[in-house]
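A short worksheet on the structure shown next.
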Amino acid sequence: MIPGMAGQEIAAIIRRNTNPDAPDTRKTLVLMSHSFPGHKSSNNDFFGDVEHMLTARGHDTLRFDYRGCGESDGKEENYSIDQACEDYQSVLDWCRRDGYSQFIVIGEGLGATIAAMNIGLDIKAFLMLWPVLEPKIYFRDYIAKGEMDPDGKPFALLDSHRIGTDFIKQVKDLDLIQYLKEIYCPTLIMHGSEDEIVPAAHLDLARGFIPARRIEITVFHDGTHGLPNLSHRKAMLYHIQQFVQKYA
């Protein structure tokens, strides 16, 4: 467990590389940031698949649950953009104390949003999977479909998930353009053309505002949210492995 704010703890899984013949990449960590609603094993444990692949190829990885999600402390309805940013920084600080000085970040959905808001000079490369780049549209087309204020309680219900009012207010007002303009590290984005939760149109902001000299955008034909199709998953894992290998 990683110490978080307000005395709460953040559940995390750190894996050291299992390849004795791999070059020394001990100072670089692959950090994985999940979406909301979600947790570190969402999307049929895709981050677990990434972890297994990368550690076998000589990379250290860490995936974690934001507070209110998965196995971390806190209630789901208390998740907010501000709290998630605190958790992200708490995890980074813990990793730095553990000896890591550089990071490759993989974020999915809103986890990519949080990572983009906290990009730093120690981020060597950034991988975004179906990223929420237009939070206002994400709220309108997805979050707002929930049952607002059920029985007068301070949260909405969306597919059995409790969406707190602080999160709703923050996501409705969030503009990512200022953060996208600060992404200079090599960036890889993967998305599905038929994503019904985070439409591929979100990628227009990435194309227009990310100044990175190297940015690769792959849109999978007929791909739905989370790219669950087996052929898509295999292709994603291959692209991730190649990208991480190049910049680790």
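Look at GLU86 and say whether it is in contact (Cβ under 8 Å) with a residue 12 or more places away in the chain and touching a Lys or Arg at 6+ places or on another chain (Cβ under 6 Å). Before you say what the answer is, go through the steps one by one.
On the way: in contact (Cβ under 8 Å) with a residue 12 or more places away in the chain: yes; touching a Lys or Arg at 6+ places or on another chain (Cβ under 6 Å): no.
When the stated conditions are applied, GLU86 does not pass them.
Looking at LYS169, is it surrounded by fewer than 19 Cβ atoms within 10 Å (Cβ to Cβ), out of contact with any His (no Cβ under 6 Å at 6 or more places or on another chain), among the basic types (Lys, Arg) and closer than 30 Å to SER101 by Cα? Talk me through it step by step, then tell me what you get.
Values: surrounded by fewer than 19 Cβ atoms within 10 Å (Cβ to Cβ): yes; out of contact with any His (no Cβ under 6 Å at 6 or more places or on another chain): yes; among the basic types (Lys, Arg): yes; closer than 30 Å to SER101 by Cα: no.
Taking the combined requirement at face value, the residue does not satisfy it.
Of all residues in the stretch 14-49, exactly one satisfies the criterion of being modelled with pLDDT of 95 or more and among the β-branched types (Val, Ile, Thr), namely VAL30.
On the stretch given as the stretch 66-88, residues that are under 27 Å from ALA248 (Cβ atoms) and out of contact with any helix residue (DSSP H, G or I) (no Cβ under 9 Å at 6 or more places or on another chain) total 0. Elements of the type helices (runs of 4 or more DSSP H) sitting completely within the stretch 163-248 and holding at least 2 residues that are within 18 Å of the chain's Cα centre (by Cα) and among the aliphatic types (A, V, I, L, M): these cover 177-180, 203-209, 230-247.
Might you check whether a residue that is assigned to a loop (DSSP other than H, G, I, E, B) and either within 19 Å of GLY120 (Cβ to Cβ) or out of contact with any Asp or Glu (no Cβ under 8 Å at 6 or more places or on another chain) (or both) occurs anywhere in the stretch 8-19?
At the first step, the residues of the stretch 8-19 found to be assigned to a loop (DSSP other than H, G, I, E, B) are 8, 11, 16-19.
Narrowing the set further to residues that are either within 19 Å of GLY120 (Cβ to Cβ) or out of contact with any Asp or Glu (no Cβ under 8 Å at 6 or more places or on another chain) (or both) leaves 18-19.
Yes, there is a match, as at least one residue in the stretch 8-19 is assigned to a loop (DSSP other than H, G, I, E, B) and either within 19 Å of GLY120 (Cβ to Cβ) or out of contact with any Asp or Glu (no Cβ under 8 Å at 6 or more places or on another chain) (or both).
Can you name the residue in the stretch 210-248 that is within 27 Å of TYR179 (Cβ to Cβ) and of a type in the set (Lys, Arg) and is also surrounded by the fewest Cβ atoms within 10 Å (Cβ to Cβ) among such residues? Among those that are within 27 Å of TYR179 (Cβ to Cβ) and of a type in the set (Lys, Arg), it is ARG213. Quick check, is ALA206 modelled with pLDDT under 90 and either surrounded by 15 or more Cβ atoms within 10 Å (Cβ to Cβ) or not aliphatic (A, V, I, L, M) (or both)? When the stated conditions are applied, ALA206 does not pass them.
Does the stretch 70-87 include one or more residues that are acidic (Asp, Glu), at pLDDT 95 or above and either touching a Cys at 6+ places or on another chain (Cβ under 8 Å) or within 15 Å of PRO131 (Cβ to Cβ) (or both)? Checked against the condition, which is being acidic (Asp, Glu), at pLDDT 95 or above and either touching a Cys at 6+ places or on another chain (Cβ under 8 Å) or within 15 Å of PRO131 (Cβ to Cβ) (or both), the stretch 70-87 yields no hits at all.
Of all the residues in the stretch 147-159, those that are at pLDDT 65 or above and of a type in the set (Gly, Ala, Ser) number 1. LEU129 falls short on exactly one of the conditions (1) closer than 19 Å to TYR79 by Cβ; (2) aliphatic (A, V, I, L, M); (3) touching an Asp or Glu at 6+ places or on another chain (Cβ under 8 Å); (4) modelled with pLDDT of 85 or more, and that condition is (1).
Give the residue, chosen from ALA144, ALA116, ALA112, that is small (Gly, Ala, Ser) and without any contact (Cβ under 8 Å) to a residue 24 or more places away in the chain. Among ALA144, ALA116, ALA112, only ALA144 is small (Gly, Ala, Ser) and without any contact (Cβ under 8 Å) to a residue 24 or more places away in the chain.
Basic (Lys, Arg), more than 26 Å from TYR138 (Cα to Cα) and either touching a residue at least 24 places away in the same chain (Cβ under 8 Å) or in contact with a strand residue (DSSP E or B) (Cβ under 8 Å, 6 or more places away or on another chain) (or both): which single residue out of ARG63, ARG15 fits that description? Show your work before the answer.
Working: ARG63 fails: more than 26 Å from TYR138 (Cα to Cα).
Of ARG63, ARG15, the one residue that is basic (Lys, Arg), more than 26 Å from TYR138 (Cα to Cα) and either touching a residue at least 24 places away in the same chain (Cβ under 8 Å) or in contact with a strand residue (DSSP E or B) (Cβ under 8 Å, 6 or more places away or on another chain) (or both) is ARG15.
Scanning the stretch 1-13 for residues that are at pLDDT 90 or above and surrounded by 17 or more Cβ atoms within 10 Å (Cβ to Cβ) yields ILE2, GLN8, ILE10, ALA11, ALA12. When the stretch 28-84 is limited to residues that are in a loop (DSSP other than H, G, I, E, B) and among the charged types (D, E, K, R), the one that is surrounded by the most Cβ atoms within 10 Å (Cβ to Cβ) turns out to be ARG67. In this structure, PHE139 does not satisfy being within 26 Å of HIS221 (Cα to Cα) and in contact with a Cys (Cβ under 9 Å, 6 or more places away or on another chain).
The values are calculated or read from the model by the stated rules, or taken from the named source; none is laboratory data. Keep in mind it's a predicted model, so treat the numbers as computed, not measured. Reconstructed Cβ throughout: ideal geometry from the backbone, glycine too, with neighbour counts over all protein chains shown.
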